[in-house]
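Some notes on the structure that comes next.
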Amino acid sequence: MTDPARSDRFLLGCHLSIANGFPEAVGEAERLGNTALQLFTHSPSVWRMKPIVPEVAAAFAERRAATGIEFVVVHTMYLLNLASPDDALFERSVAGLIDEARRAALLGIDRVVTHLGAHKGAGLDAGIARIVRALDRWTSADASGGVRLLLENTAGSGTTIGSSFGEIASILESVSEPDRFGVCYDTCHGFAAGDDLRTVDGVDDVLRSAGRTIGVDRIEMIHLNDSASVRGARRDRHAHIGRGEIGAEGLAAVINHPWLRDLPFVLETPKELDGRPGADEINLAAVRSLRTEKEGA
């Protein structure tokens, strides 16, 4: 598969539904002119996963191969809580994570992005220890190394873990196989957690912080979303590109930053604008209008 860091193209896409089937999600991404795609492999709000039969996996791979979509990533379901102090939920979450990666591999997708979960009052250290244990069990189950897991930052609401690069670094420094993991940085989540992404200088400061903790090279994809909440509000409220508190200037600084611009950018923006569908086209066009030519190109 294409290494996104080596692509000469703007890797841009959005999260798309598989309601009409896996191949149809690829078709919709192609219709939108995308070069990246994120999807769930089942309903993200239920534990039950409908099996992926070989014929469906083959049709998906064939459709993908016929398009210009270079980067595809699976997002895990919302129910996982890898930090849970409740043993039953923890065990179910670990099993769910393992199943999500196996389903991605069946589809020929080599990256999965996941939320980390919340410690529910057990404390940050205890929550991180649970996450490390869960991730080590995942690497043991996926011994082939065929799937890479990307840990997503959080807005920091409640007792969720991963709202700072420092918390993510603590996890990456403790897992048994750190090279199996990368980071997905969500701009809305980062802004809600306190990262100032509104200006070029602000983005520079955020990335320098990443460099001191996780290492900038750990960031392997961007969830590009504006924020409906003010900076530091710790509320996960995605907004349309350039119409939120981060604004067009800040998001332009993200997509054009020399440390980030070759990464895949995936939009998770609302699907409706002013009560009407078709917001993906508007948001994708807004991002493309903010993209500048690479210096020296």
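The numbers here are math on the coordinates, done by the rules we state, and not lab data. Being a predicted model, the structure only gives us computed values, none of them experimental. We place every Cβ from the backbone using ideal geometry, glycine too, and count neighbours over all the protein chains shown.
Some observations on this one:
- Sorted fewest first by neighbouring Cβ atoms within 10 angstrom, 119, 240 come out as 240, 119.
- Label zone at residue 157, where the point sits 7 Å out along the Cα-to-Cβ direction: the stretch 233-260 residues whose backbone N lies under 12 Å: 233-238
- Near the amide H of residue 241, within less than 5 Å, lie the amide hydrogens of 226, all on another chain or at least 5 residues away, with H placed in the peptide plane.
- The chain: DSSP helices with Cα axial extent of at least 15 Å and average Kyte-Doolittle hydropathy no lower than -0.5: 54-65, 87-106, 124-141, 200-213, 279-290
- Interchain or long-range residues, amide H under 5 Å from residue 148's placed H: 111, 112
- Two-site FRET efficiency, residue 293 against residue 48, from Cβ-Cβ distance with R₀ of 51 Å, rounded to 0.05: 0.60
- Rounded to the nearest whole Hz, the Karplus-based 3J(HN,Hα) values (6.51 cos²θ - 1.76 cosθ + 1.60, θ = phi - 60°) of the stretch 143-151 follow the sequence 4, 5, x, x, 10, 10, 9, 9, 8, with x at glycine and proline.
- The chain: calculated mean residue ellipticity at 222 nm from DSSP helix runs of at least 4, using -39500 (n - 2.57): -11500 deg cm²/dmol
- Taking a Cβ cut-off of under 13 Å around residue 49, the surrounding Lys, Arg, Asp and Glu residues balance to a net charge of +3, with basic ones at +1 and acidic ones at -1.
- The H on the amide N of residue 267, modeled in the peptide plane, is under 5 Å from the matching H of 13, 14, 15, 224, each at least 5 residues off or on a different chain.
- Taking other residues whose beta carbon is less than 13 angstrom from the beta carbon of residue 194, and scoring Lys, Arg as +1 and Asp, Glu as -1, yields -1.
- Per-peptide average of other Cβ atoms within 10 Å, ordering 140-147, 32-39 highest first: 32-39, 140-147
- Debye, to nearest 20: dipole size of the chain, +1 on Lys, Arg Cβ, -1 on Asp, Glu Cβ: 420
- Kirkwood Rh in Å, taken over the chain so that all alpha-carbon pairs contribute: 19.3
- The trypsin sites (Lys or Arg not before Pro) of the stretch 72-146 include none that meets both conditions, a loop assignment by DSSP and at most 15 other Cβ atoms within 10 Å of the site Cβ.
- Here the simple spin-label model places points 7 Å from the Cα toward Cβ, and for residue 17 and residue 122 these points are separated by 3.6 nm.
- Placing unit charges on the Cβ atoms of the charged side chains and taking the dipole of the stretch 33-290 about its Cα centre, the candidate lying farthest along the positive direction among 51, 169, 216 is 51.
- Loop sites in the stretch 11-71: trypsin sites (Lys or Arg not before Pro), DSSP, at most 13 other Cβ within 10 Å: 48
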